[in-house]
Amino acid sequence: MKSFRALHAKTKLLLLLSSIVALSFLNLTQRPATAADQVRIAHPLPLIFEANQGQTNPHVKFLLHGQHQNLFLTSNETVLTWIQATVSSSLPVAYRQVTHTSHSSVLRQTLVGGNSEAKLIGKLKLLGKVNYIKGRDPKGWHMDIPTYAQVEAQAVYPGINVLYYVKQGKIEQDFFVAPHADPTQIRLAIAGALETRIATSGELVVKTAKGEERQAKPFIYQNIRGYKHPISGHYIQYKTSEFGFALGYYNHSLPLVIDPSRYSTFLGGSDFEEGNGLAVDSEGNTYIAGSVGSTDFPVTAGALNSSYNGGTRDIFITKLNAGGNGLIYSTYLGGSLEELATAIALDSSGKVYLTGYTLSVDFPVTSGAFDTSYNGGGSDAFVVKLTPSGNTLIYGTYLGSTGGTGDVGFGIAADSSGNAYVTGRATAGDFPTTPAAFDSSYNGVSRDAFVTKLNPTGTSLVYSTFLGGSVGTGTGPFDANEDGNAIAVDSSGSAYVTGFTRSVDFPVTQGAIDSSYNGLGDVFVTKFTPDGSSLVYSTYLGGADNDSGKAIAVDILGGAYVTGSSGADFPVTAGAFKTRAGGSRNSFVTKLSLQGKKLEYSTFLGGSNDAESGQGIAVDTAGNAYIGGVTYASNFPITGRALDPTYNGMSDAFISQLDPFGKILVYSTFIGGSSLDFGYALALDPSNNVYLTGRTTSTDFPKTVGAFDTNYSGLNDAFVTKVRVTPP
């Protein structure tokens, strides 16, 4: 058999299925949608391919069922149909009893000149099987039909295979081209569309009666010595509805990938917004939380709260679809005074967790929640948990003290059991703690960090503890104070916390990386046991200046990665990417060992300006770290493959990627317009696409054609940007 490793051309299938297609095993009847259906629609099961064993036309080799759509694969054609069907729901979900089907619309993609006898084989066989029951005679039934995650069409053109699979709720196709085979053979003819065209932006537009799909301009690259190098290329139109690819020079003996994976959108109303928290699910849907001052912020029908609640600002929670061109849900949340959401988390079932602060006595809390009364003394922290559909509170609770200057939740995480882990600032001794927790006594002059774990229903505390010291250096009014800024949790339920401390007696553990306070303010990194009763490790990190940890991530082995802002003498490791600060204030990235007793690496990340900070961090399964934040430096380190290599204005957001050893800047780009832009939170999806949210005052902030909102609306807008970086 010929080798098909030489050239790999990847494009998203033009016959795009909405996420609802994945509901074939959940919604088996045509009936009005219920609240439970809405939950399922928001979080569909993965799509699967069925082998055709007589359940459809014999020309079809494999098929894929949706709630209102079907996809059929033949040797050189894919056919998408929108259907009207009645399916019995009286049988187990593995059985289908079709009583009536009619096709209301058909969209075809044909491989022009392709092999009509190409062999299709199922790949990555799944455990589940499908059974069809039609009529009462078992002779007409089709049982134990195998299912697959992928289908490969072999030799569709000389030397070219096609692989079909599902990614983020949509069908994609990869073209594999053997050495010396010609990729210009690939021609995609689309029939059944109202319009097909290449937009001036380079996007491929397919318009049907069901809506418009925009396929982004391809990003094309080759793997050369472990790195992905960009190749010039674009869609080309041969006839009215016939398309292919035009490629620049490339090495014909190496893989080539065509990958359209990017969007950027505003998110706001006519006043001000900022995105402070970000999460992304396995389907590529993005969840954003922050503050909103606009009464016309975009909300969706049936939202939890469709009206601005009053005060100087409310919370917003928005779920953006995987294409970045539509809202799945969007809602206000708040009381009659002021609220701010600082962080958001997501569990595997699609439930959303939120923290921040509120000044409202009428903040939405739920009956039976841990604390249903505003505590006073400034602000209260809050914790909110929403259903996957975003239209119902599972719980909402205050979390605060009666004295002090105000309690705030700054970071939140969730485990697989639905427990919520929160860290932040407590400003009085009656902040709620639990007796067996690590520290139930208030330590600070005016504030301590806290770490709290709530049960899945939000009715009680699993544990809650202070985290701080009581002795300062006498350098100012903020002596002996701590903030917990970010939290992460590993698979065993251990919480990892970072923030800053101004206490010389902050609790550290024996053998810590640094057991002594260093200067005006230090980063701390602390790991708790799963029951919150003791510290696995706890350490200072810092120099003589003011240092603060802003974000933390944990890899699959339990290694902690921290980013934030630091002074010029922050501890770095030999051979790290950047061992000398460019200015007096730089971003930093630090990886701790599993035991927290040494630095695996520590590096600066910045230019020569004195105001930079890493605000968000994520890590992939290979140990690459992705950092987002803000820079004021025109010489911030940027890589040659950057989305935007040029500093744009007064401040820019940035996205950077470090290799697993902290030695190489794999990718780095500016993101911004001509005014002020700030990156506040970063997330990563399973395909290593990077998502950033924050705040912009730039009317020319970069946005993509077809994105949800391409118009700057107010004093500040939130933004969401998705970037496909090029890791080794």
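Summary of computed values
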{"quantity": "Relative packing of 310-320, 181-191, which averages over residues the other C-beta atoms within 10 Å, highest first", "calculated": "310-320, 181-191"}
{"quantity": "Unsatisfied cross-links (Cα-Cα over 30 Å) in the set LYS385/LYS550; LYS207/LYS319; LYS134/LYS351; LYS61/LYS207; LYS207/LYS385", "calculated": "LYS134/LYS351; LYS207/LYS385"}
{"quantity": "Net +/- balance of residues flanking TYR353 in space, Cβ distance below 10 Å, scoring K and R +1, D and E -1", "calculated": "+1"}
{"quantity": "Cβ-defined net charge surrounding ALA303, 15 Å radius [Lys, Arg +1; Asp, Glu -1]", "calculated": "-1"}
{"quantity": "The range 621-728 - percent relative contact order, Cα under 8 Å, separation 6 or more", "calculated": "23 percent"}
{"quantity": "Candidate aspartates and glutamates for bridging to LYS663, where Cα separation is under 14 Å - those fewer than 8 sequence places away on the same chain excluded", "calculated": "GLU600"}
{"quantity": "Accessible surface, 1.4 Å probe, highest first, among residues ILE231, ILE671", "calculated": "ILE231, ILE671"}
{"quantity": "Alpha carbon centroid spacing (whole Å) that separates the range 136-152 from the range 627-663", "calculated": "51 Å"}
{"quantity": "Over the range 383-508, relative contact order from alpha-carbon pairs under 8 Å, at least 6 apart, %", "calculated": "22 percent"}
{"quantity": "TYR601 long-range amide H proximity, modeled H, under 5 Å", "calculated": "LYS591"}
{"quantity": "Relative packing of peptides 246-252, 624-630, 434-440 - highest average C-beta neighbours within 10 Å first", "calculated": "624-630, 434-440, 246-252"}
{"quantity": "Protection-proxy order for peptides 675-688, 638-651, 266-279, each taking the mean of Cβ atoms within 10 Å per residue, highest first", "calculated": "266-279, 675-688, 638-651"}
{"quantity": "Solvent-accessible area, 1.4 Å probe, carbon plus sulfur percent, for the range 359-518", "calculated": "50 percent"}
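The values are calculated or read from the model by the stated rules, or taken from the named source; none is laboratory data. These numbers come from a predicted model, not from an experiment. Backbone-built Cβ (ideal geometry, glycine too); neighbour counts: all protein chains shown. When the accessible area is computed, the model is the full protein with side chains, heavy atoms only, and any ligands, DNA or RNA have been set aside. Shrake-Rupley method; radii C 1.70, N 1.55, O 1.52, S 1.80 Å.
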